[in-house]
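Inspection log for the structure reproduced underneath, given as structure tokens.
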Amino acid sequence: MPEGDSVYRLRQRLDAATRGARVSDGELRSGHAAGTSLAGRTIESYATHGKHLLTRFDDGSTLHTHLRMQGSWTITRAGRSLPSTAREKARVRLRLGDGREVWGLDLPVVALVPTPRERDVVGHLGPDPLREDWDAAEAVRRLSTRGDRPFVAALLDQTRIAGLGNLWVNELAFLRGIHPFAPIGTTDIDALVALAARCLRISATVPGMYQVTTGDRRKGSSHWVAGRAGRPCLRCGTRVSVRDEVANDPEQRRTWWCPRCQPLPGGADVGTPE
């Protein structure tokens, strides 16, 4: 799933392959700047904030992109071409001086902004555990302003803490022993933020640990509850429950939990074990 750790790893791959490369030909094919040529620019650096990727060029411009659920990046070798079906989804194309091409495919967000004005596109985001300017105290403060908000809704709000997507939000609820729809104020938010930061960093930087939350990399055993509806809880054996996504509501994505390990305080559980 494309979450903050996904984009961080993508940034590392792109940086290793293309940093310092000069764009000999290429253009944007989406967004307000569609049709803008990128030829003559040199890729200076990459940065991330939450799920947002920032590609900085030497002319003082930054390409801002977001994968959402469907976007991806790929690099083709010199003399190789993408299949026609993939080319139709290209939103960014960069031909490098050595003949390789960098393709941003099916990207829902593509914008070109002056580098000094990057805050215009990411300034609304909360602190990101994968950035050098990570501020845990600020993340705690933002999450604490509405302690009555459901756990999953609060953590999915990128203005509170950036980089956590649906997989990590569900897994963190299990690890904290809190029902996903219980008020976030009923858990220790300081401890929650520390745990979230540690998990995201391990996933982003430790080989073989990408989005492994249980410590067990075997298929079917890498997550505590996410994607495990109807299967036995890896801790207690209770069947994992699920609540379906609510259309057009980003705070009500598909949610999984163990009714025994994560009891709903003072109320009946909701959801089905499938």
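Brief remarks on what is shown
- No other residue among Pro108, Pro116 is in contact (Cβ under 8 Å) with a residue 12 or more places away in the chain and in contact with a His (Cβ under 7 Å, 6 or more places away or on another chain) apart from Pro108.
- Subset of the range 218-237 (residues that are more than 20 Å from the chain's Cα centre (by Cα) and open to solvent by 40 Å² or more (accessible area, probe 1.4 Å)): Arg218, Lys219, Arg231, Pro232, Leu234, Arg235, Cys236, Gly237
- Being open to solvent by less than 30 Å² (accessible area, probe 1.4 Å) and either out of contact with any helix residue (DSSP H, G or I) (no Cβ under 8 Å at 6 or more places or on another chain) or of a type outside the set (Val, Ile, Thr) (or both) is a property that does not hold for Leu112.
- Checked against (1) over 24 Å from the mean Cα position of the chain (by Cα); (2) within 18 Å of Glu118 (Cα to Cα), His66 passes all but a single condition, namely (1).
- Residue tally, condition of a type in the set (A, V, I, L, M, F, W, C), open to solvent by 20 Å² or more (accessible area, probe 1.4 Å) and closer than 22 Å to Arg235 by Cβ, over the range 178-211: 7
- Residue count for the range 19-46 under the criterion of being in contact (Cβ under 8 Å) with a residue 60 or more places away in the chain and outside any loop (DSSP other than H, G, I, E, B): the result is 7.
The values are calculated or read from the model by the stated rules, or taken from the named source; none is laboratory data. Here the structure is a predicted model, which is why all the values come from computation and not from measurement. Every residue, glycine as well, gets a Cβ built from its backbone with ideal geometry; the counts of neighbours run over all protein chains shown. Surface areas here come from the heavy atoms of the whole protein model, side chains and all, with no ligands, DNA or RNA. Shrake-Rupley method; radii C 1.70, N 1.55, O 1.52, S 1.80 Å.
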